[in-house]
Structure formats: structure tokens, C-alpha cells
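This report concerns only the one structure given below.
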Ligand code: LMR
């Protein structure tokens, strides 16, 4: 049965982490996989998470199953965090999911059942796994224009014109904030237009929300999802707590389903629950219990948000340092790094070949055509070294 199978290629982002780990050059810079790293290169457990874990450990008397939809407190807290406290509870339902990927996957599974044959769209560029997740559910993605590689900004006109051509047979994946890989985000005015076009044209948005709070803070980063949730009849939001709670390995996420009425919302939730049951039976509880503990305790929540804001401020500082260093070292205009890009990533206009040279000759590990994790640079000296390496390959 297995005689003819060959080993599949590794995931390009995950492969890069291993290559970097195995690289003996001491000067190596890992700006690959999207995890936050502090000045020591650590990805610390957040303060509020430590407190919540301790409380849960002390209180927990059983490990019995929680349920197919996960932790109700967590689900409710997440809906409030993402949509704001006044959200329409009649039309919104939650399914806890195995992080952002698991959330997208159960949405894709349900769409395979009830929307097979519809066209699925991702932005160009997008996170590579989007194609794998929806591809596994039978959707061959087409891409819509999103990023202007010449100017390193959102290609607004082409993007909005593409949306104008979508209709009820289209499923459109959007990045809620901190676009991965480009860092180029929509402005509130852009989101208002997206909401108008989506309402008029009737396509189905699926929003990937993996970096809420990593851009400007929870409220400003949530503008787009809140706008669409309050303007549209139907959409899905697939949210992750990997980055903003630093719970990467705990695999915590949620699907928020917004439907036209309570009956449809309940029906969609049951489809998502059934898909999840067939895949993971029940989502893991620990991370969700931690998030619920943090979000339902005002002091803990305040401390979590404070630390999250420290993280995003640190990333903005590195952005500024990088823009300054590239301007000084390479000349030219690098203001897009601070003015148009947000969150963990920036796409430098390098291309695959230069990215390969940076890795081979300078031990700088970037993803794809030039995506860097801003938080991967541990010091201003590393920023300067990265800028020197970029100059050498330009
Ligand atoms: C990334 O884009 O680097 C992260 O989302 C991590 C991953 O799983 O790819």
C-alpha cells in the first residue's frame, strides 16, 4: 500500500525555524516564524497567564470533558473581546476551536458541506497555510489583488475593484488586522468601504484574526471585524489566542459566527460543532480556561492588556529602528515600514532569490519573498546588522 509514497516537502515556515536552529553561525538572525521574542530571544509566558494557570491548577479537581463547543465562559469572553460588549447576542454564536488554524479548518469543513462549488478567494499575498486549509476541504483558492509590491502598501483601488466583482457565490478571506505576510493593513475608511461593498454584493467574508492587539491595541485593531459584524448579515471570524495571549502551544481559538437571525446562527453553530466533533472530538481546555480566567477578572485583564500593549510598543520601536537603519544604510524610502505596516510582520521588497542569499551568506532567516518578523530582532545591533545584510544583497 505504501510502496510508492515519497516524503512530502516540509512547510516552508516551519522548515525555516529548523534550519535556523541548526545553523552554527553565532550571528544568525531569526526573523522567520511569527512568534514574539523579547530582547533575550525568549518567548515569555505572559504575567497574567502565569497567575491564571496557578489559580486553575489550585482549583481544578477534574479533567473530565468540557464539551464539543468548549468552554462557555471562554467563548463568551472572546465574543466580547472581539466584537465589544454591546454585540448582538441574538445573531452571534461561538465554537471554541484548536487555535486559528483549527477555527479556519472547521469553517472550511462546514463550507464544503453547505457551500461546495463556491469560489474561495485569498489576498495576494497571504499566509501559506490558508491554501492548505481550504484546499483540504476542496476549495481551490483564487487570489484577489491586495498588496502593491512596488509601493509596499495596500493596492486599494485594485483591491476594492476586485471586491466589487464578487457576489453571493464568493467566499472572501480577509485578514482582520496585522496582515500576514505584508503588514499592510486596511484603514478604518477602507473597512467602511469593504462593509458597504460586501453588503451590496453579498459575498461571504471569512476573517482571519490571528494578531488582535499586536498592531495599535485591541480597540483599534478590532475596527474592521466590528464594522463587518455590525453591517453584514453573515460572516465568520476565526480568531486565535496564540499571539496575543502568548499561548502558542496550547492551541486556543474560536469561531464567531454572525448570522442573519438566531435560528440560522444556531444551525451554523451545530454544523461547526459537528465538524469539530469529527476532527478533534472536543477542543483542549487548558488554554481556553486560562483566557477565560484572565478576561473575566478585571485586574488580571488589565495586566494582560498592559503587557500586550508593551509587546506592541516594543514591535513599533523595532519598526522605527529598522526603517531608520535601512534608510541610513541603503538609502531610499523605507517609511512604509512605520507608516503603512502594522503588527508582527513587514514584507521587505526583496524577492525569493535575495532572501535565499540572505540566509546562505548572512545567516538572516526571512520567509518567502522577504517577510520578516519584526520581533525577531533582539537588539538595535541586530537591526543594524540586518540592514547591512539587506544592503549587501540589494
Ligand atoms: C507565521 O505565519 O509565521 C505563524 O502564523 C506561524 C505559522 O504557523 O506559520
Quiz item: Which peptide among 103-110, 76-83, 5-12 comes first, and what is the full order, when sorted by highest mean count of other Cβ atoms within 10 Å?
Solution: 103-110, 76-83, 5-12
Quiz item: Looking only at the range 1-40, which residues have a backbone nitrogen under 17 Å from a spot 7 Å from the Cα of residue 361 in the C-beta direction?
Solution: 28-29
Quiz item: Using helices alone, what [θ] at 222 nm do you get for the chain, with -39,500 (n - 2.57) per DSSP H run of 4 or more residues, divided over all residues and rounded to the nearest 500?
Solution: -14500 deg cm²/dmol
Quiz item: Which value, to two decimals, describes the C-alpha radius of gyration of the chain once divided by 2.2 N^0.38 Å?
Solution: 0.98
Quiz item: Percent relative contact order of the range 65-296, based on C-alpha pairs within less than 8 angstrom and at least six residues apart?
Solution: 30
Quiz item: By count of other Cβ within 10 Å, fewest leading, how are 179, 4 ordered?
Solution: 4, 179
Quiz prompt | Alpha-carbon centroid distance for the pair the range 1-46 / the range 269-286, whole angstrom | solution = 29
Practice problem: Treat the range 178-274 as a sphere of radius equal to its Kirkwood radius over Cα pairs and apply Stokes-Einstein at 4 °C in a medium of 1.567 mPa s; give the translational diffusion coefficient in µm²/s, rounded to a whole number. | Solution: 90
Practice problem: State, to one decimal in nm, how far the label point of residue 22 lies from the label point of residue 72, with both points 7 Å from Cα in the Cβ direction. | Solution: 5.0
Quiz item: In which sequence would 249, 201, 371, 359 go, from the one with the fewest C-beta neighbours within 10 Å to the one with the most?
Solution: 249, 201, 359, 371
Practice problem: Give the order of 157, 22 when sorted by the count of other beta carbons within 10 angstrom, beginning with the fewest. | Solution: 22, 157
Quiz item: How big is the antiparallel share of DSSP beta bridges in the range 114-267, given as a percent to the nearest 5?
Solution: 35
Quiz item: Normalised by the number of residues in the chain, what is the relative contact order in percent for Cα pairs under 8 Å and 6+ residues apart?
Solution: 26
Exercise. Please report Rg over Rh for the range 65-296, where both radii come from the alpha carbon positions and Rh follows the Kirkwood definition.
Key: 0.93
Self-check item: Distance from the range 220-267 to the range 51-85 (C-alpha centre basis), Å
Solution: 16
Quiz item: For the range 119-158 and the range 301-340, what is the separation of their Cα centres, given in Å?
Solution: 25
Quiz item: For the range 257-369, rounded, prolate or oblate, judged on the Cα gyration tensor with a ≥ b ≥ c (square roots of eigenvalues), a/c < 1.5 rounded, else prolate if a/b > b/c?
Solution: prolate
Quiz item: Share of antiparallel DSSP beta bridges in the chain, in percent to the nearest 5?
Solution: 50
Quiz item: Cα gyration tensor of the range 324-394, axes a ≥ b ≥ c as square roots of the eigenvalues: rounded (a/c below 1.5), prolate (a/b > b/c) or oblate?
Solution: rounded
Exercise. For residue 7, put the label point 7 Å out on the Cα→Cβ axis and report which residues of the range 346-363 keep their amide N under 15 Å from it.
Key: none
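Only the coordinates and a few stated rules stand behind these numbers; no lab work does. Please read these numbers as outputs of a predicted model, since none were measured by experiment. Cβ sites come from the backbone with ideal geometry, for glycine too, and all protein chains shown count toward neighbours.
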